[in-house]
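Read the figures in this text as sums done on the coordinates, not as results from a lab. Just so it is clear, the structure is predicted and the values come from calculations on it, not from any experiment. FYI the Cβ positions are ideal-geometry reconstructions off the backbone, even for glycines, and counts take in every protein chain you see.
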Amino acid sequence: MRIILFGPPGSGKGTQGDLIGRAYGFPKISTGDLLRQAVRDQTPLGKKAEKLMNQGQLVSDDIVEEMVRERISSPDCRRGYLLDGFPRTVRQARGLERMDGKKKEIVIEIEIRPDALAARLLGRRVCSRCGAIYNLDLNRLKQEGRCDLCGGSLVQRPDDHPDVIRERMRVYREQTEQVRDYYISKSVYRKVDGSGGVEEVFGRLKLLLDAELAGPEQRKARA
Ligand code: AP5
């Protein structure tokens, strides 16, 4: 099984991806996280990606596809995996199909009013050690500026600044939204309402996933 979380920057893909990964035992693969790790390590790929990411532009399809190909070939992805932030272009969606076309897949868009996104992104802080996602407006931390899970320091992503956020939204509308039509045409597209609290949204996703993951017998019994 492959779960693809789809939606604009700040819609909650990373947050919900972590919860789904823990609840269903699928590794979460975030291309944003993989790229940020490469930037931190200052690998040749990371150096190439850094400038584009800080400007809110997409990294080239070739680079991202290669990263995903390598990651999904790991043994922990054999049973299934969850993708967050990939595919982001129709070319990437086709590339994924070529890499691993046999898995049953479900693409879930987290739908959210565009005017709610900027505030979420501006309030986001991430743990510099374990990558846990927080929001200054939502989370009461045990210790200010520190991750509740590992004690790492919380930082603001360099692309979570107003001008870069605007650019990321523009890039999403122009280059990524069309991926939705690709998956609608494959009849694997679903959507959930992304408004409300984190647990509320997760509840909606869980209902959908439980139904999708159930075998045909269980699905018939539910009908
Ligand atoms: P990436 O890291 O994928 O960023 P993104 O898609 O812009 O998405 P975000 O991580 O900003 O948001 P999210 O939806 O995960 O929201 P989150 O859960 O964190 O990509 C970064 C860059 O890498 C790209 O710009 C590009 O340069 C490059 N890149 C990555 N993938 C690529 C690809 N495939 N091809 C080419 N380039 C690629 O939540 C946001 C905030 O909201 C948090 O503070 C959270 O606590 C809060 N929040 C979450 N849910 C709720 C809720 N229900 N209510 C209130 N607050 C909430």
Exercise. What is the dipole size for the range 149-205, taken about its Cα centre, with +1 at each Lys and Arg Cβ and -1 at each Asp and Glu Cβ, in debye to the nearest 20?
Worked result: 240 debye
Exercise. What is the gain in length, in nm to one decimal, between Glu212 and Lys186 on full extension, counting 0.36 nm per residue of separation less the C-alpha to C-alpha distance?
Worked result: 7.8 nm
Seminar exercise, completed: Treating only Lys and Arg (+1) and Asp and Glu (-1) as charged, each at its beta carbon, one finds that the chain has a dipole about its Cα centre, in Debye to the nearest 20, of 400 debye
Problem set entry | the range 113-223: equivalent-ellipsoid semi-axes (sqrt of 5 x gyration tensor eigenvalues, Cα, Å) | 32, 22, 12
Exercise. Say the dipole of the range 73-223 comes from +1 at the beta carbon of Lys and Arg and -1 at that of Asp and Glu; which of Leu209, Ile133, Cys77 then lies farthest toward its positive end?
Worked result: Cys77
Exercise. Over the chain, how many percent of alpha carbon pairs lie in each 5 Å bin up to the one with the longest distance?
Worked result: 1, 6, 14, 18, 21, 18, 12, 6, 2, 1, 0
For this session: Please report the relative contact order for the chain, taking Cα pairs under 8 Å with a sequence separation of at least 6, and give it as a percent rounded to a whole number.
Result: 27 percent
Exercise. Considering only DSSP beta bridges with both partners in the chain, what is the antiparallel share in %, to the nearest 5?
Worked result: 25 percent
Exercise. Can you give the direction-averaged projected area of the convex hull of the alpha-carbon atoms in the range 65-121, in nm²?
Worked result: 5.1 nm²
For this session: Choose one of Ser11, Ser195, Val64: the residue whose Cα lies farthest towards the positive end of the charge dipole of the chain (beta-carbon charges +1 Lys, Arg; -1 Asp, Glu; about the Cα centre).
Result: Val64
For this session: Obtain the nm distance between the two label points defined at Gln175 and Glu66 by a simple spin-label model: each point lies 7 Å from its Cα along the Cα-to-C-beta direction.
Result: 1.7 nm
Exercise. Semi-axes of the equivalent ellipsoid of the range 1-117: what are they in whole Å, largest first, if each equals the square root of 5 times a C-alpha gyration tensor eigenvalue?
Worked result: 21, 19, 14
